[in-house]
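Undergrad: Following this message is one structure expressed as structure tokens.
The values are calculated or read from the model by the stated rules, or taken from the named source; none is laboratory data. Predicted model, so just to flag it, every value in this text is computed and none were measured. Every residue, glycine among them, receives a Cβ derived from its backbone with ideal geometry; neighbour counts consider all protein chains shown. Surface accessibility is based on the protein's heavy atoms, side chains included, excluding ligands, DNA and RNA. Shrake-Rupley method; radii C 1.70, N 1.55, O 1.52, S 1.80 Å.
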Amino acid sequence: MSSISSSLSFLALISPLHTSRQCLSLQPAPQRYAFNSHGNSTFSVHVKSASFHNLQSCFSTIASSNDGTVSVVNFKDVMEKDWSFLEYPDSSDEHKQKIDEIISAGEITETSKVLIAISSDEFVDRVVDSSICRQLFVVHDSLFMLACIKEKYDKVKCWQGELIYVPEKWTPLDVVFLYFLPAMPFELGQILEALGKRCLPGARVVISHPQGRQVVEEQWKLYPDVVFSNLPEKMLLQNVAADHSFEVVKFVDEPDFYLAILKFEPGSMNE
């Protein structure tokens with residue numbers, strides 16, 4: 001069985017927006033659970049899907065003693081959001097080249113500790129297939145998405161929660177892919193400040209979107225509960241990056257492609 005650490009709820013209820021995708025169901029379904037930092041609490045989540053070889057298996061989610069305290073979780077207040085818009089129905093060579101360009105921007109090596117935040121299944125699949133690294137760590141709000149990833153790749157570490165609260169036990173990081181930055185409900189400065197505490201000198205932070213700014217604007221209108229902002233303009237990105245010891249070493253903002261590469265240079269930039 002695979003384990004997924006969560007800073008908050010560990011729970012995902014079935015969403016009506018995922019009718020064509022894999023569903024998560026809790027069995028049994030008591031009304032409330034309490035988690036604390038003095039021991040491990042476990043329950044099973046059953047994953048059922050015809051698309052995964054008629055899989056009918058379960059995995060345990062475990063609250064690590066290092067992940068802090070969650071006092072009480074009310075099941076009826078936790079709903080799985082719809083993230084299906086991140087999966088692009090595009091199998092063209094051009095789209096694949098964009099994904100590969102994003103991945104190559106991270107300059108992953110065999111000793112790299114890599115973090116991917118708010119990603120699609122497709123992007124994780126491509127990173128696993130194309131790169132060998134010391135550690136691959138995926139952060140997402142969706143337990144459903146993490147369950148799908150964990151089912152395919154047992155060695156990939158998964159954590160449910162917000163990027164700025166990522167536990168230090170999986171750091172320091174060499175490469176960070178902010179694959180869908182607009183889904184993070186924090187200011188850019190908050191995100192870079194948190195990453196500055198978790199990255200090695202020389203670490204690369206890659207902000208990207210394979211379809212570009214215009215598509216993000218459309219997603220912002222259609223999914224306001226998931227998409228909170230647009231991609232940062234060049235001047236804003238450079239100023240905020242400099243404030244947190246990052247340097248923008250490449251910036252591409254085309255109608256159908258966005259890529260920004262930041263390099264962490266502590267001590268050489270403005271404090």
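Undergrad: So is Ser131 out of contact with any strand residue (DSSP E or B) (no Cβ under 7 Å at 6 or more places or on another chain) and either open to solvent by less than 10 Å² (accessible area, probe 1.4 Å) or modelled with pLDDT of 95 or more (or both) or not? Can you show your working first?
TA: On the way: out of contact with any strand residue (DSSP E or B) (no Cβ under 7 Å at 6 or more places or on another chain): yes; either open to solvent by less than 10 Å² (accessible area, probe 1.4 Å) or modelled with pLDDT of 95 or more (or both): no.
No, not satisfied.
Undergrad: Is at least one residue of the range 206-219 closer than 26 Å to Thr109 by Cα, among the aliphatic types (A, V, I, L, M) and crowded, with 19+ Cβ neighbours inside 10 Å?
TA: Checked the range 206-219: at least one residue is closer than 26 Å to Thr109 by Cα, among the aliphatic types (A, V, I, L, M) and crowded, with 19+ Cβ neighbours inside 10 Å.
Undergrad: Could you look through the range 181-195, keep only residues that are touching a residue at least 40 places away in the same chain (Cβ under 8 Å) and either in contact with a strand residue (DSSP E or B) (Cβ under 6 Å, 6 or more places away or on another chain) or closer than 15 Å to Ala117 by Cα (or both), and pick out the one that is surrounded by the fewest Cβ atoms within 10 Å (Cβ to Cβ)?
TA: Of everything passing the filter in the range 181-195, Pro185 is surrounded by the fewest Cβ atoms within 10 Å (Cβ to Cβ).
Undergrad: Next question. What is the one condition in (1) surrounded by fewer than 19 Cβ atoms within 10 Å (Cβ to Cβ); (2) β-branched (Val, Ile, Thr); (3) in a loop (DSSP other than H, G, I, E, B) that Ile108 does not satisfy?
TA: (1)
Undergrad: Still on this structure: Please work out if Ser119 is out of contact with any Cys (no Cβ under 8 Å at 6 or more places or on another chain), open to solvent by 30 Å² or more (accessible area, probe 1.4 Å) and of a type in the set (Gly, Ala, Ser).
TA: So Ser119 does not fit the description; no.
Undergrad: Determine which single condition Cys148 fails, assuming it passes every other condition in (1) farther than 27 Å from Tyr223 by Cβ; (2) surrounded by fewer than 23 Cβ atoms within 10 Å (Cβ to Cβ).
TA: Cys148 satisfies every listed condition except (1).
Undergrad: Please state which one of Ser229, Ser245 is over 25 Å from Lys96 (Cα atoms) and surrounded by 16 or more Cβ atoms within 10 Å (Cβ to Cβ).
TA: Among Ser229, Ser245, only Ser245 is over 25 Å from Lys96 (Cα atoms) and surrounded by 16 or more Cβ atoms within 10 Å (Cβ to Cβ).
Undergrad: When you go through (1) farther than 29 Å from Pro266 by Cβ; (2) acidic (Asp, Glu); (3) not in a helix (DSSP H, G or I) one by one for Asp129, which number turns out not to apply?
TA: (3)
Undergrad: Against the conditions (1) touching a Gly at 6+ places or on another chain (Cβ under 9 Å); (2) farther than 15 Å from Arg204 by Cα, where does Lys234 fall short? Just the number, please.
TA: Condition not satisfied by Lys234: (1).
Undergrad: Next up: Got a sec? Which of Leu143, Leu136 is open to solvent by 10 Å² or more (accessible area, probe 1.4 Å) and of a type outside the set (D, E, K, R)?
TA: Going through Leu143, Leu136 in turn, the sole match is Leu136.
Undergrad: Which residue pairs have Cβ atoms closer than 9 Å, lie 6 or more positions apart in sequence or on different chains, and pair a first residue in the range 249-266 that is within 14 Å of Met235 (Cα to Cα) with a second residue that is in a loop (DSSP other than H, G, I, E, B) and open to solvent by 70 Å² or more (accessible area, probe 1.4 Å)?
TA: These pairs meet every condition: Asp253/Glu233.
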